[in-house]
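Down below is the structure, laid out as structure tokens.
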Amino acid sequence: MNSFQRCFALLVVALLIHQPSASFAQESTLDVGLRIQKSASFYFENGIAIRYSDSRLFSDKLFLGIGFVSSRLGSALNSNAINQDTFFLSAAWYLRKDKTIRPFGQLNAGYFRADYEEDIFDVLPNTAWFLSPEIGLGYEPNIPLRIAFSVGYNPASGNGESGPGTLYPIFTQMTATWRIINP
């Protein structure tokens, strides 16, 4: 596990074990859940997503998040697919507050790494920093569940010579989170 992965894991653990005060809980929302991502005509990558919103900033409109998806939990599970991991930070802006269906835009910034496993592939680029926008719809029923569907574009994709060949430009995703802190 490299230092970036360790820092990411520590941040996730700190968010999950944090015991908020009553005033924090009344002003903040913390959602934790699963993210399923599929690159167009390529791998499924599954992982976790954590989102935070504070009513003192932009009440239930701006959500800041962290996430991790990996083909190890998707297409590479019990197969010979390439193991690849993506760590990202996100900022999402949701429209139509207090509605069940909410359009949103999201910007992700993160780090991608593919593990080609064989030494012969060490000459190929296998990492990339990226900035990828998404647009989609969120579904928020009257329970602490949020489901988001979106399509995104990753301009950092490569052809195997100028960037990782397994980082595809177009992806779709579905994230289902449960509010563990809710005003």
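Every read-out reported here was derived from the displayed coordinates using simple, explicitly stated rules and does not represent laboratory data. As the structure is a computational prediction, the values presented were derived from the model and not from experiment. We place every Cβ from the backbone using ideal geometry, glycine too, and count neighbours over all the protein chains shown.
Odds and ends about this structure:
- Restricted to the stretch 32-48, and to residues there that are aliphatic (A, V, I, L, M) and in contact with a Phe, Trp or Tyr (Cβ under 8 Å, 6 or more places away or on another chain), the residue that is farthest from ASN80 (Cα to Cα) is VAL32.
- The residues of the stretch 27-77 that are more than 18 Å from MET174 (Cβ to Cβ), surrounded by fewer than 20 Cβ atoms within 10 Å (Cβ to Cβ) and not small (Gly, Ala, Ser), listed by number, are GLU27, TYR52, ASP54, ARG56, LEU57, PHE58, ASP60, LYS61, LEU62, LEU64, ARG72.
- Considered as a group, the residues in the stretch 88-101 that are surrounded by fewer than 20 Cβ atoms within 10 Å (Cβ to Cβ) and not β-branched (Val, Ile, Thr) include one that is nearest to SER75 (Cα to Cα), and that residue is LEU89.
- Qualifying residue in the stretch 104-120 (condition: in contact with a helix residue (DSSP H, G or I) (Cβ under 8 Å, 6 or more places away or on another chain), of a type outside the set (S, T, N, Q) and within 25 Å of ARG72 (Cα to Cα)): yes
- Selection from the stretch 127-136 of residues that are surrounded by 14 or more Cβ atoms within 10 Å (Cβ to Cβ) and either free of Cβ contacts under 8 Å to residues at least 24 places away in the same chain or not polar (S, T, N, Q) (or both): ALA128, PHE130, PRO133, GLU134, GLY136
- THR175 vs. criteria in contact (Cβ under 8 Å) with a residue 60 or more places away in the chain, part of a strand (DSSP E or B) and either surrounded by 15 or more Cβ atoms within 10 Å (Cβ to Cβ) or touching a Leu at 6+ places or on another chain (Cβ under 8 Å) (or both): yes
- Identity of the residue in the stretch 110-126, surrounded by 13 or more Cβ atoms within 10 Å (Cβ to Cβ) and in contact with a strand residue (DSSP E or B) (Cβ under 8 Å, 6 or more places away or on another chain), that ends up nearest to ASP31 (Cα to Cα): GLY110
- The single residue among LEU57, LEU64, LEU107 that is in contact with a Pro (Cβ under 6 Å, 6 or more places away or on another chain) and either farther than 17 Å from THR29 by Cβ or not β-branched (Val, Ile, Thr) (or both) turns out to be LEU107.
- Flag for LEU124 being of a type in the set (A, V, I, L, M) and free of Cβ contacts under 8 Å to residues at least 40 places away in the same chain: no
- Of the residues making up the stretch 82-109, those that are out of contact with any strand residue (DSSP E or B) (no Cβ under 9 Å at 6 or more places or on another chain) and over 30 Å from PHE63 (Cα atoms) number 0.
- Flag if SER157 is among the polar types (S, T, N, Q) and farther than 19 Å from LEU34 by Cα: yes
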